[in-house]
Amino acid sequence: MKRTRVIYPLLTLAAAALLPACAVQPQTNGPLGCPVFAPNVQVRYGDSSIEVNALKKVKPGCRLVFQLLPDSARGPDGLDYDNVKVTIKGKEGADGAHWINFSETAANTSKRKYSATTPPDQEEGIYYYLVEVEKVGTLDPRVDVEK
């Protein structure tokens, strides 16, 4: 009985001491001043539609993540959007966007994500790229690189 009286207060104090460590920490910068969580470009596509939350800002030397989000409903003739090829690449004639270069299906991509890293010496500016979804269409969004 006496042990219980001692153990409960000690456990309460220990829990109180550990709770601040569980609190959500603010987003801190990684190498080169990059945010820990890279900007996420969501590419949604399905029957005759493509949506891209296009305008993202990224620092030189930092990552930009493209997340493929195919429609789960089947398209014409039973088309499975999880298995159509998505190509994301720097736009022809748009200097400096060569670091964006990807071509794969959502089904063959780890966690349906692809990361592109800007070169550390990337000039500030707006860079255009193409998102082409086979059998659906093409969009030409942009990304801003700023220090």
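Converting phi to 3J(HN,Hα) with the Karplus coefficients 6.51, -1.76 and 1.60 and the offset θ = phi - 60°, segment 34-39 yields 7, x, 4, 9, 5, x Hz in sequence order, with x at every glycine or proline. Amide H to amide H, with H built 1.01 Å from N, Phe66 comes under 5 Å of Val41, Tyr114, Ser115, Ala116, counting only residues 5 or more places away or on other chains. Of all DSSP beta bridges in segment 31-145, what percent run antiparallel (nearest 5)? Once the DSSP bridges in segment 31-145 are tallied, antiparallel ones form about 75 percent. By the rule of a C-alpha distance below 29 Å, with chain neighbours fewer than 8 residues away ignored, the lysines paired with Lys57 are Lys85, Lys89, Lys91, Lys111, Lys113, Lys147.
Sparsely packed loop sites in segment 68-147 (the GluC sites (Glu not before Pro) outside DSSP H, G, I, E and B with at most 14 other Cβ atoms within 10 Å) comprise Glu92, Glu123, Glu124, Glu146.
Every number in this text was worked out from the coordinates using simple rules, so none of it is lab data. Since we're looking at a predicted model, the values are computed, not measured. Methodologically, a virtual Cβ is constructed for each residue, glycine included, from the backbone with ideal geometry; neighbour enumeration extends over all protein chains shown.
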